[in-house]
């Protein structure tokens, strides 16, 4: 499947060929911090199909395994874009949040579930809104 995407400000864009059955959710604590959320969803793409426009900034992260990964993001808006091996990459791990076709890409696997937030599997039970609305009243503070 052909995908394309961009950072929030549009300075960095990309395209790639992916296998849509290779989408995964990672619950590791590194992905939680680097994504600013409870997990990160990614899809793998062979490096030879990955076309990048613009110059992202990189941060080298050392995983629990000792593997080094270049975390690539937009230097202007900070959007996390993809990760890859810092030397001789064979693939890129594209962050689904910046992929235009993300609604068509259902995760096939989850990893590092030992680090998952205990409430993440309960989201379908939490009240929601189709747009931004305050659902819960703001508690009133009482003077001490």
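Readers should treat all values here as calculations from the given coordinates under stated rules, not as data from a laboratory. Remember, it's a predicted structure, so these values are computed and weren't measured experimentally. Counting neighbours? That spans all protein chains shown, and the Cβs are built from the backbone with ideal geometry, glycine included.
Using the Kirkwood radius over Cα pairs, work out the Stokes-Einstein diffusion coefficient for the range 50-128 at 10 °C and 1.306 mPa s, in µm²/s as a whole number. Please list the in-between numbers first.
Numbers: Rh = 15.1 Å.
Roughly 105 µm²/s, to the nearest whole number.
Neighbouring Cβ atoms within 10 Å as the yardstick, rank 48, 131, 87 fewest first. Display every interim value, and only then the final one.
Values: 48 10, 131 4, 87 7.
The order, fewest Cβ neighbours first, is 131, 87, 48.
Using only the C-alpha atoms of the range 1-46, find the volume of their convex hull and express it per residue in Å³.
Spelled out: Cα convex hull of the range 1-46, divided by residues, is 88 Å³.
Per residue and in Å³, how big is the convex hull formed by the alpha-carbon atoms of the chain? Provide the component values of the computation, followed by the final result.
Working: hull volume 25.5 nm³, N = 144.
It comes to 177 Å³ per residue, whole-number rounded.
Given an 8 Å cut-off on Cα distances and at least 6 residues of separation, report the relative contact order of the range 2-115 as a percent. Can you show the working numbers first?
Working: 248 pairs, mean separation 38.9, N = 114.
The value is 34 percent.
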